[in-house]
Structure formats: C-alpha cells, structure tokens
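What follows is a single structure, written as structure tokens, with notes after it.
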Amino acid sequence: MAVPLRLVLVRHGLSTFNLEHRIQGRDDLSALAPEGRDQALRTGEALREVPVAALYASPLSRARDTATLLAQAAGLDLAPRLDEDLLEVDLAPWSGLRRQEVRERFPAEARLWREAPETLELERADGGRFRPLPDLMAQAGRFLERLLERHAEALRDGASEGVLVVAHNAILRALVLRALGLQAEGFRRLRMDNAAISVLNLTREPGEALEVQVESLNNSTHLGVALPPAQGRRLLLVRHGETDWNREGRFQGQIDIPLNARGLNQAKAARDFLAPVAIQRAYTSTMARPRQTAEVILEPHPGVPLTSTRGLVEIGHGRWEGCLEKEIAATWPALLAAWKREPHTVTMPEGETLRQVWDRSVATWQTIARGLSAEETALVVAHDAVNKTILCALLGLSPADIWMVKQGNGGVSVIDYPQGPTGRPVVTCLNLTGHLGGVLDRTAAGAL
C-alpha cells in the first residue's frame, strides 16, 4: 500500500513540571529538563531514517524546544511551524498545582478527569464554564483539517511525504482519536510518554474517503527503555514471525505454515527485547507459527507455562488459503474488492467472517485478562487478523476498521488494565518494531 502522507507524532521531552508532578496545561510555566533535552536529541537521531517534508509544533516552550533539538539531531533543515491548535489541553484552574494538590482541593473534578474526562467542566477566571476535553477534540479536528488541506497535493498524487508534529500528551491523544473517527470517550484508552513516537499513515484514493492506518503508538524504545512502566495487569500482544507465505503474499489463514529463517530471527529479536520484562503466563494459538514465536520469546523465562487455545487461531480464509491475491482476483474479483473496502461484510468461500473471528478472539482475550492476578504480565502470541480484532476492540473500533491497525511480524503491543480486568483497558503501546530495526515497520506486507 502506498503511503502518501506519513504523520509522525512526538510528545515533548521530560519537563521540569513533569519531574515535579505538576499540572502543565497550556500555561508556559515549565521548560525542558536536562533529561528532556537528551530525549529530544535521541528522538531526532531515531528519526533520521524517516523522510520529513514539514515540521509542526506547539508554541509552548517545552514542545517548541523539543522540535528544534529534534530537527537538529535528525539533520532536518526545517524550522518548526508553530500552531496554536497544537496547544495542550486547557486546565487553567489547576495549572502549576501538584497532582496531589488537585486531588485534595478539587476531589470531584479530579475524579472526573481520571474516570470520565469528557464530562469534566471547569470554571474560568471570569466565572464562565468550559469543558476541556470536548474543546480539545474540536481543536484537534481543526488542526487535522488544515494539515490535510496543506498536504492535499501529496494525498491526491500519491507522492510519499512525511509530516512531523511535536506537541503534548493530551492533544496528541485527541489527534489520534480524531484521525480514527473516535470520540472523546476513548481518551483514557491511549497513552503518550515523553519523547515517544507514534506513526499514522494517511491515504486517499481518487474519489474516496481518507483512510487512516495506525502503524505504531507510543514507541519509546529509542530512549533505551524497553517498555513504559506497567499500570496494573499487563498483556503483551505479539504477532508471529514471518513465514514464506507472508513473504510471498499468500493467504495462509488456518494452513499451518511454520516460521521461515527471517521469522525465526524476528522471534529472537522479540525475545531479546522482552527479556528484561517479568512474564508470569503465556498464551498462543494452536498453530505452529505463533507457538514457535512464543517458545523463542520465553527462552529467558524458564518455567512460564505456555497455553495453546483455539480462540486465537487465525481467520479461516476457506478456499482462498494458499492463493496469491492475483489468483483470488481472477475468480472472486468482487469479493476481494469488498474484503479490501468493507471487510466486515465478507464471508470467504468456505471460510469465516470477521465477526466470527472478533467474537472468539476478543472473548479469549477477556478470559486471559480476567485470569491474571494484580501486577501480573502475560504474553499472548497470535496472528494478524486476530491481533487486529483484539486491538480494534480495545481502542473502541469495530470489525469494519481492521485495516486501521497495522501488525508487523514480530511486532509487540502492550495493554494495561489499571482498573482491573473489568475496567477500561489502556493501549500503552501498539506495534513496536524498533527491535526489528528502526522506527518504521519494515516487516512483510504480505497477506493474512
């Protein structure tokens, strides 16, 4: 798939207020800490491989300075274009206060901000009331509209172009939600750490609506930290390593194709990446390729039980299995076109629907999450379509949206349950592939 517009989102580096656990909001009261400046430089080094044609930043100093340092380290001859629609969420009554002070002085409002931020109202200095998160979502929508207008030529002509945006925690989450067509209720389902990199791919075919693919979210591996600190129960969702059929672009589905040499190396890279992470349980599909991947990843974790489950088996492609796309197009052209455009409407010949895969994979995921004790971490290794349905469910998307989520062979996603297995999940990271080489996902783009 061509990538006419690659949107790279970066949160500013660690600030003085971050260190002091103070509310920053859109007041310009804090600056980059020394560690934050180092993070900005490391992020720039990591982005040297990414072609960038435009650089946008919030005018607040912590984001503006991050953008300037990052551009220097990345070798970009670009000054940041400052945009007020990239300002952080307005929490004016709380700005400068420590989080503990906010909880003590504004207990009801602080609880709403944690649990249902879209409903929070605050009072301005003039006595007027405002809703910070709905206002921020509107702000994010304005920025995205202008961004698409400015880069309409790249979208129209299919010429690859990279756009780098440096901003803040809340506004970056709002931008992702707006790009995916999600509402403010999804705000707490996402996480953005200091100097972390997220990548969205935007495409628009002539006469068609904008298509958005999340390539990765909240990647901080370039900072020398494997994963952000866990919040409660944690699940690590990994796609199996590459097979020969992935490389050839064949639909493999439930045919039991093993890892190839590259896939084994991807599993070893995931093993080394996750070696420092304490894992107590592991689960996999009953098929060879995810089980081989899981067994390699668990080598530094002796004694961790590995449970195989049918609920995580790949989607059944029926008569398409073993076929190349051109072979399917020759016999089922309309069905293949629908699979690409409206995958949730397709029943493959003698195969499964996405709803069937969704129901069994999400139910299996929920069973695994409920089986974890507090602070435990489980490894789950499965397949492209299975992982996509699980991630779509966690993000608040639907079976129609599976093309919005990318899953690279050997890629790692991280999901936390800070409120327990029945509470709201947090997609802490999505499709981390830095352990496979670089910021961008360069794994096989073959069929499922």
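A few notes on this one:
- Options Gly96, Gly75: the member that is more than 24 Å from Ser220 (Cα to Cα), surrounded by fewer than 23 Cβ atoms within 10 Å (Cβ to Cβ) and assigned by TED's automatic domain parsing to the domain that holds Asn218: Gly96
Every residue, every condition in (1) out of contact with any helix residue (DSSP H, G or I) (no Cβ under 8 Å at 6 or more places or on another chain); (2) surrounded by fewer than 24 Cβ atoms within 10 Å (Cβ to Cβ); (3) assigned by TED's automatic domain parsing to the domain that holds Ala363, yes or no:
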{"site": "Ala382", "(1), (2), (3)": "no, no, yes"}
{"site": "Lys388", "(1), (2), (3)": "no, no, yes"}
{"site": "Gly396", "(1), (2), (3)": "no, yes, yes"}
{"site": "Ala400", "(1), (2), (3)": "no, yes, yes"}
{"site": "Gln419", "(1), (2), (3)": "yes, yes, yes"}
{"site": "Arg424", "(1), (2), (3)": "no, yes, yes"}
{"site": "Val427", "(1), (2), (3)": "no, yes, yes"}
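- Yes/no for Asn260 being surrounded by fewer than 17 Cβ atoms within 10 Å (Cβ to Cβ) and either polar (S, T, N, Q) or outside the structural domain of Leu379 (by TED's automatic domain parsing) (or both): no
- When residues in the stretch 333-347 are screened for being closer than 19 Å to Glu248 by Cβ and surrounded by 16 or more Cβ atoms within 10 Å (Cβ to Cβ), 2 of them pass.
- Matching residues, the stretch 116-141, being among the charged types (D, E, K, R) and more than 22 Å from the chain's Cα centre (by Cα): Glu121, Glu123, Arg124, Asp126, Arg129, Arg131, Asp135
- The number of residues in the stretch 19-38 that are of a type outside the set (Ser, Thr, Tyr) and either buried (at least 20 other Cβ atoms within 10 Å of the Cβ) or modelled with pLDDT under 95 (or both) comes to 9.
- For Ser413: the one exception among (1) closer than 30 Å to Arg319 by Cβ; (2) of a type outside the set (A, V, I, L, M, F, W, C); (3) crowded, with 22+ Cβ neighbours inside 10 Å: (1)
- Scanning the stretch 85-121 for residues that are of a type in the set (A, V, I, L, M) and not in a helix (DSSP H, G or I) gives Leu87, Val89, Leu91, Leu97, Ala116, Leu120.
- In the stretch 213-263, of all residues being among the aliphatic types (A, V, I, L, M) and out of contact with any strand residue (DSSP E or B) (no Cβ under 8 Å at 6 or more places or on another chain), the one that is nearest to Arg442 (Cα to Cα) corresponds to Ala261.
The values are calculated or read from the model by the stated rules, or taken from the named source; none is laboratory data. Nothing here was measured: the structure is a model prediction, and the numbers come from that model. For neighbour counting, all protein chains shown are included, and Cβ atoms are generated from backbone atoms with ideal geometry for every residue, glycine included.
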